[in-house]
Each structure stands twice: as C-alpha cells, then as structure tokens.
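Q: This is the structure I have questions about; it appears just below.
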C-alpha cells in the first residue's frame, strides 16, 4: 500500500511539472504566446493600455521575449496614460540584451536617448534645460564650422583646425560669400598643379572640384610625394586626378 501511494505521488508530480504546470511557464516561441498575439491585436485597434498589459505578462513569464520588451518600451514611452520613460529604458535595454544583432538595434538606442531626455525634462525646475539647449547648439556649431572651413578653402585660405577665427577675418568671410565665383566643373582627366603660397588640400580640392571634400582623392594620387595631408610644400607639383 505504501509503495502504491509513493507511485501515485510521483505520477502527480510528473504531470504537474511536464503537463499542466507548463501551460503557465515560458513558451518556446514568443510569437506563439496567446498573450503576445492578443497584444498585437490590441495594437491594431488602438487599445494601447490593453496591449501593454499583455506584453508585460509575456515578459514576466518568458525570459526570451525581446519583441514583447520592445513593444512594452514603446508603449511606456508614447502612451500618455501610462507614460514611464524609466520603464521604457529598462525594456529597451532588455531587447538589446536579447537581440543585440537586430537590425532595429540602432533605432532602439535612439529611443533610449529620447527616453533619457524625457526624464531630464520631467525633473523639478528643469535643472538640465541648459544642457539640452547646449546639445542643439553644439550640433549647429559643428555645421557652422564645416561651412566656414569650406568657405575658407574656396578663398584659398589654409584650413587650421583648433584655432579661433578673428572677428575681422570672420566678417571678411561673410562679406565675400556673396561674391564667390561659380563652382568649377569636375575634373575629367588628370592634371598637374604647382602648390602656391597659402595652399592646402582643402583649397586645392575646392579649386578643381568645386568643394573641399575631395582631399583624399588628391592625397591618394600623390602618396609618393606626400607623407601626410599636411605636408604640402611651396612649388611642389601635384597630380589632380579625375573624379571616379
């Protein structure tokens, strides 16, 4: 009798572990989870809150549920009634951990940045508002630097990085911008050019190609006589190759 009782207990435990209990455990494929499918269905009809609850239920039960983490993160970031950028970052990072090689990884990283900015904006008194403004100013400043470098090259002035342009030089550059000659046509065959005083690869590129972005083309065609891009010598003859 005792042996039969032990066998019965073993059968019950076996059934629980491999049978009925498995219904509440993680599924092998996330897309086959009924909760995940319900979440997608709710999204299609605009029921964001219901969809979020379904995706969260998947993440609680299944360790390998990157798509549910991604959907939950998006909803925590965009759903006004449940907006929580901290939770959004958590789910985005779980997605990246589970699918680091996904084609969506770069977009998810951008979403994390967006969520971080939302956290900063929500702080009392907006103590980091100046920091956010400085990020935008830095981007504008870099754009202006590129434009000034291009303009100096068009005037035949050397491009010196890391040095401040004086107000007088800057005003001259702005005034001369309206009187720039038309851009020359691209070089169609190799030519030679003798380096003049004040020349740089940027200026020579602008002179022959119409912009200052072809310095690598000139440099690679003259590697035998140019140890580096800053080693131009007065009177040196350069080969100006055609644009590929």
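Yes/no matrix, rows are residues, columns are (1) within 28 Å of residue 50 (Cβ to Cβ); (2) modelled with pLDDT of 90 or more:
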site: 82; (1), (2): yes, no
site: 93; (1), (2): yes, yes
site: 104; (1), (2): yes, no
site: 127; (1), (2): no, no
site: 136; (1), (2): no, no
site: 149; (1), (2): no, no
site: 156; (1), (2): no, no
site: 164; (1), (2): no, no
site: 172; (1), (2): no, no
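Q: Hey, can you tell me all the residues within segment 221-230 that are assigned to a loop (DSSP other than H, G, I, E, B) and within 36 Å of the chain's Cα centre (by Cα)?
A: If the condition is that a residue be assigned to a loop (DSSP other than H, G, I, E, B) and within 36 Å of the chain's Cα centre (by Cα), then 222, 223, 226, 227, 228, 229, 230 are the ones that fit.
Q: Return the total of residues in segment 194-220 being free of Cβ contacts under 8 Å to residues at least 60 places away in the same chain and either part of a loop (DSSP other than H, G, I, E, B) or over 27 Å from residue 145 (Cβ atoms) (or both).
A: 10
The values are calculated or read from the model by the stated rules, or taken from the named source; none is laboratory data. Since we're looking at a predicted model, the values are computed, not measured. Because the Cβ atoms are built from the backbone with ideal geometry, glycine has one as well, and the counts that use them run over all protein chains shown.
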